[in-house]
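Below is the structure I would like to discuss, written out as C-alpha cells.
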Amino acid sequence: MSAVYTTDEYGRPFIIVREQDKKSRKSGIEAAKSHIMAAKTVAGIVRTSLGPRGLDKILISPDGDITITNDGATIFGQMAVENQIAKLLVELSKSQDDEIGDGTTGIVVLAGALLEQAEELLDRGIHPIRIADGFERACRLAVDHLDKVSDVIAWTKDDISNLVKCAKTSLGSKIVNKHHDQFANIAVNAVLSVADLDRSDVDFELIKVDGKVGGTLDDTTLVNGVVVDKDFSHPQMVKEIKDAKIAILTCPFEPPKPKTKHKLDITTVEEFKALQDYEREKFEDMVLKVKESGANIVACQWGFDDEANHLLLQHKLPAIRWVGGPELELMAIATNGRIVPRFEDLAESKLGSAGLVREVSFGTTNENMIFIEDCANSKAVTVFVRGGNKMIVDEAKRSLHDAMCVVRNLITDKRVVYGGGAAEISCSIAISNEADKTSTIEQYAMRAFAQALDAVPLALAENSGLEPIESLSEVKSSQVEENNPCLGIDCMNRGSNDMKEQFVFDPLISKRQQFLLATQLVKMILKIDDVIIQGKSEE
C-alpha cells in the first residue's frame, strides 16, 4: 500500500502517504529520448559487423566460454541486456532469425537508424504519432517498391547455380568465406535433399548439422544419411557393415523387472546360479529374436551390461548403445525403419536399411563416430563440419544455418532483390520522390525514413574501408541517372557497382520482413511516453 488512512488523538482523519523517492518516472519527450538512446547503443554494437567486410565480436560467457561471431542473432542472444527497450531490439533480431534465418544484423541497424531520425524530428517539435504514421506510409511504399525492383531467379533440380550464388552472398560475411563455394554447395544440396518442392516446404528437422574439432574447414562434408557420435559397444566388433539391416530399439537388453519396488533374497548358491541361468537365457532369447528378424546391426536407446555385450559379439551382431532420441528418430527416417519398443514386435518389415554403416576414428584421440550412409530414404542428411577449434566449428555451423535458410526462402519464393545496399538505395530514392509530392507533415517522416535506409549502404561502405558519404552519393546518383536499381556498394573492390554482375542477391521475403519488423518496432517505441519504475516496497 502506498497510503494509509488513520486518525489523530482527537479522532480527526488524515492520510499518511509513503515517501515516493523509490519511484522514478520519465515522461513525454524525455522518455522517448531515453528509449532512442538505448536502442541506438544496441544498434551501434552490431553496426560494424554488417556486410562481407564486417568485423567479428568476441563474447565471453560467465563460465568463461568464448564465442567469436558476427551473426547478429548470436551476438544479441548471448548479451546480458538490462534495458527494456534494448531487449525489444534483441527480440527483433531473434524474430528475424526464427522467421527468415538471415538478415539479423541489418534489421537492427535499420531500426537504430530509424530511431536516430525520429529523435531529430522530435527535436523539431513533430508529434510522435505523426512520425509513426509517416514511417508506416514510407514502409508501405518501400515494400511495394521492392516488389517492382525484384527479379525472379530461375532454378531447377538440375541447374542449382543461382541458388549457390545466393547462398554465397549469405556466406560472404562469415568466417567461412574462404571456402564459400564448398559451403554454398553443401547448403544447397542439403536443403534440396529434404525439400518438398511440390509444397515449397523444407523441414529443417531432417538436416542434422554435426561437428568435430580437428581437420580443416575443407574437410566439411555432406553425408547422405546419419552421423552418430558413438562407437560400437565392443572394440572387437566389425567396423564396417555393407547392406546393413538395422534394428532400432527403445527397449533395454536386460531381463524384465517388476514396475514396483522389489527386493530379491538369495540365500543359497543354487538360487544364485538359477538367477544367472535365467538372465543368460533371457539375454540369449533377446539376441536370437534380433537375429531371427534378419538384422545385422542393432541401435539401442539404452545401455546393456557386459554379458549382453559379450553375447552380441558372439552372435556377430554389432551394436550401438545410448543413442539419443532425436538421433534414433533421424535414423528411422533415413533408413525407412521403425522404432521398436519390444523385442516381441521385431520383424523384418520394421528393420531400417542402409548401404554402408562404418565406424570412423579421428586422429590420435580415440574418438569415433558412426556413419550410416546410402540410406533407403535420402530425405535425411547430415552436414559434418570440421575445424581447427571449437569456435570455428560453432561459427561454421551458424554460417551454414544462415545459408540453408536463404536457400529455403528461395524455394518458398523465387524472387530476389540485389544486395550491397542496392535495394535500400532504390527504396530511399522512391520514398524521397513520393515525399516531395506529399503536402502533409508526414513528408518530414517519409524523408527521415529514406535517410534511415541510407544507413545500411553507409555502414557497408564504412566497414569495407571506403569513404561512406562519397560512395553512397556516387551510387545514388548513378541509380537516378541510369534508372538501374541493381547498383550498390562495391564492398569487395571488384571494380563494378552492379550487384547483378557480382551475383549479390538477397531473398525478397528477407528484405521485406526487415522493413516491416523494424518499422513496427520503431512505431511501438515512439508511442511510449511514460516510464514508471516502481522501487521495491519496504516491508
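Please name all residue pairs, on different chains or six or more residues apart, with Cβ atoms under 8 Å, provided the first residue is in region 177-197 and is of a type in the set (K, R) and the second residue is surrounded by 16 or more Cβ atoms within 10 Å (Cβ to Cβ).
Sorted first by the residue in region 177-197, then by its partner, the pairs are K178/L217.
Something else: Inspect region 124-137 for any residue being open to solvent by less than 20 Å² (accessible area, probe 1.4 Å) and within 25 Å of G51 (Cβ to Cβ) and give the result as yes or no.
Checked region 124-137: at least one residue is open to solvent by less than 20 Å² (accessible area, probe 1.4 Å) and within 25 Å of G51 (Cβ to Cβ).
Starting from residues that are part of a loop (DSSP other than H, G, I, E, B) and surrounded by 21 or more Cβ atoms within 10 Å (Cβ to Cβ), keep the ones in region 80-122 and report whichever is modelled with the highest pLDDT.
Ranking the candidates gives I100 first.
Considering only region 124-175, state which residues are within 16 Å of V416 (Cβ to Cβ), in a helix (DSSP H, G or I) and either over 29 Å from the mean Cα position of the chain (by Cα) or not hydrophobic (A, V, I, L, M, F, W, C) (or both).
H145, D147, K148, S161, N162, K165, K168, T169, S170
How do the strands (runs of 3 or more DSSP E) wholly within region 185-279 filter down when requiring 1 or more residues that are open to solvent by 70 Å² or more (accessible area, probe 1.4 Å) and not aromatic (F, W, Y): which remain?
207-213, 240-249
Counting only residues that are farther than 20 Å from A142 by Cα, surrounded by fewer than 17 Cβ atoms within 10 Å (Cβ to Cβ) and more than 27 Å from the chain's Cα centre (by Cα), how many does region 483-499 have?
4
Could you tell me which residue of region 62-79 is farthest from the chain's Cα centre (by Cα), considering only residues that are outside any loop (DSSP other than H, G, I, E, B) and without any contact (Cβ under 8 Å) to a residue 24 or more places away in the chain?
Q78
Restricting attention to region 319-339, which residues are aromatic (F, W, Y) and farther than 20 Å from H234 by Cβ?
Those that are aromatic (F, W, Y) and farther than 20 Å from H234 by Cβ: none in region 319-339.
Here are some conditions: (1) open to solvent by less than 40 Å² (accessible area, probe 1.4 Å); (2) assigned to a helix (DSSP H, G or I). V417 meets all but one. Which one does it not meet?
(2)
Could you please let me know if V480 is within 18 Å of S432 (Cβ to Cβ) and in a helix (DSSP H, G or I)?
yes
The values are calculated or read from the model by the stated rules, or taken from the named source; none is laboratory data. Just so you know, these numbers come straight off a predicted model, no measurement behind them. Cβ coordinates were reconstructed from backbone atoms using ideal geometry, including for glycine residues, and neighbour counts include every protein chain displayed. Each accessible area value is taken on the protein alone, full model and side chains, heavy atoms only, with ligands, DNA and RNA left out. Shrake-Rupley method; radii C 1.70, N 1.55, O 1.52, S 1.80 Å.
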